[in-house]
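Before any comments, here is the structure.
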Amino acid sequence: MQLNEATAVAEATAPAHDTPPTTAVATPQVWFDGRMVAIDSPQAPLTTHAMHYGSGVFEGIRSYATVDGGAAVFRLPEHMERMRKGAELLGIDFDVDAASEAVLKTLRANNHRDAYIRPLAWLGSGTIGLDVAPLTQHMMVATMATAVHLAGKAARLGVSGWRRNPATSLPPLKLCGGYINSVLAKREAKARGFDEALFVDGEGFVVECTGANVFMVKNGSITAASHPDALDGITRATLVELTSAHSRPVSLQELKDADEVFVVGTAAEVAPIASLDEREYGDNPLTRKFQALYGRIVRGGDSTYSRWLTAV
């Protein structure tokens, strides 16, 4: 990615305040095209290509305060590699090592331990057309000490009237424009009184939620719903390994007949589903077990999985 442009920047994010014992800096900092700047200082021109066409790629990453008193980013290399794939599709130069170091620098600058991390690479100025070759390229990293999604909380799930973007039209990566699909489904779900939306395909098979993958428990057996249109989730891969879940297509009816349903994602973590449409679930004991295990691992409480942690 090119790091010498200072004419475009990500949208401003409201100042965040970390939880004790961390003391957040007075003015949050962002990493922008190779330097740390105050989050509200740069400006983006109104002709920024990504603003008009969604021509950018992002990741959602988490860091956690660890049991040894430090902080660590969970599965940073995997997130950066997935971001590289999206950037490559848009013709954006992307250096995995430089982007990884930018994440760590931003966390340090903001004195964040428990934080949500948003790296974003996008196409800037040069043309308002669809040929991206002449466009400037930019990258930023912001960190926020705030929950941005389900964050492990029990959720009421509703089947969306929208279909997920088919992978034959839009690859299931974190491309900015593709997430309008999630915004529409989330708005519809909230308007109907649900917390989250579930995408189901035309044949009645589960795809994913707006920002999380789906698991179910039936008679003690754990299944991870798989679908070609769903994001290949990093948290999903984590839970498949931890639970020895079987990955296969799952129908909506199977999901409603399950003993427990939970969804997973970087922001969602491991979130139990309290209900799906009219179907109410019970106590969710296995989900609670997986929540606790995941919580120990991301905070460095289980050395078996220390390879997933990058020290800040």
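Please treat every number below as a calculation from the coordinates, not as lab data. Computed from a predicted model, the values in this text were never measured in an experiment. Here Cβ is always computed from backbone atoms with ideal geometry, including for glycine, and neighbour counts include all displayed protein chains.
Assorted remarks:
- Selected from G69, G126, A115, residue furthest toward positive end of dipole (region 29-145; charges at beta carbon): G69
- Charged-residue dipole, Cβ positions (Lys, Arg, Asp, Glu), the chain about Cα centre, Debye nearest 20: 420
- Charges were assigned to the Cβ only: +1 to each Lys and Arg, -1 to each Asp and Glu. The resulting dipole of region 29-145 about its Cα centre is roughly 260 debye.
- Amide H to amide H, with H built 1.01 Å from N, S226 comes under 5 Å of R248, V250, counting only residues 5 or more places away or on other chains.
- Most mobile listed residue (V207, V240, V103) in the chain, GNM with C-alpha springs under 10 Å: V240
- Exposed GluC sites (Glu not before Pro) absent - longest run of the chain, DSSP non-H/G/I/E/B, at most 12 other C-beta within 10 Å: 12-202
- Between 0 and 90°, nearest 10: helix 76-90 axis offset from the chain longest Cα axis: 70
- Against the main long axis of the alpha-carbon atoms of the chain, helix 96-110 sits at an angle near 90°.
- For L276, the residues 5 or more places off, or on other chains, whose built amide H falls under 5 Å of its own are L157, Y281.
- Cα-based shape type of region 23-70, given that a ≥ b ≥ c are square roots of the gyration tensor eigenvalues and the cut on a/c is 1.5: oblate
- Nonlocal amide H pairs with E208, under 5 Å, H built at 1.01 Å: F199
- Length gained when the stretch E241-T304 is fully extended (0.36 nm per residue, less Cα-Cα span): 21.4 nm
- Along the chain, the exposed loop sites are trypsin sites (Lys or Arg not before Pro) outside DSSP states H, G, I, E and B with at most 14 other Cβ atoms within 10 Å, and the longest stretch free of them is 1-152.
- Selected from G300, G34, G129 as most flexible by GNM, with the chain as the system and alpha-carbon contacts under 10 Å: G129
- Using θ = phi - 60° in the Karplus curve 6.51 cos²θ - 1.76 cosθ + 1.60, the 3J(HN,Hα) couplings for region 130-136 round to 9, 7, 8, 4, x, 7, 6 Hz; x is entered for Gly and Pro.
- Cβ-Cβ FRET estimate between E278 and S169, R0 fixed at 35 Å, reported to 0.05: 0.65
- Rounded to the nearest whole Hz, the Karplus-based 3J(HN,Hα) values (6.51 cos²θ - 1.76 cosθ + 1.60, θ = phi - 60°) of region 301-312 follow the sequence x, 9, 5, 4, 10, 5, 5, 7, 10, 10, 4, 7, with x at glycine and proline.
- With Cα atoms, 0 to 90° folded angle of helix 285-298 axis to the chain main axis: 30
- Restraint check, K153/K218; K174/K289; K174/K218; K153/K289; K190/K256; K190/K289, Cα-Cα greater than 26 Å: K174/K289; K174/K218; K190/K289
- ³J(HN,Hα) computed for each position of region 199-206 - Karplus, 6.51 cos²θ - 1.76 cosθ + 1.60, integer Hz, glycine/proline x: 7, 10, 7, x, 9, x, 9, 5
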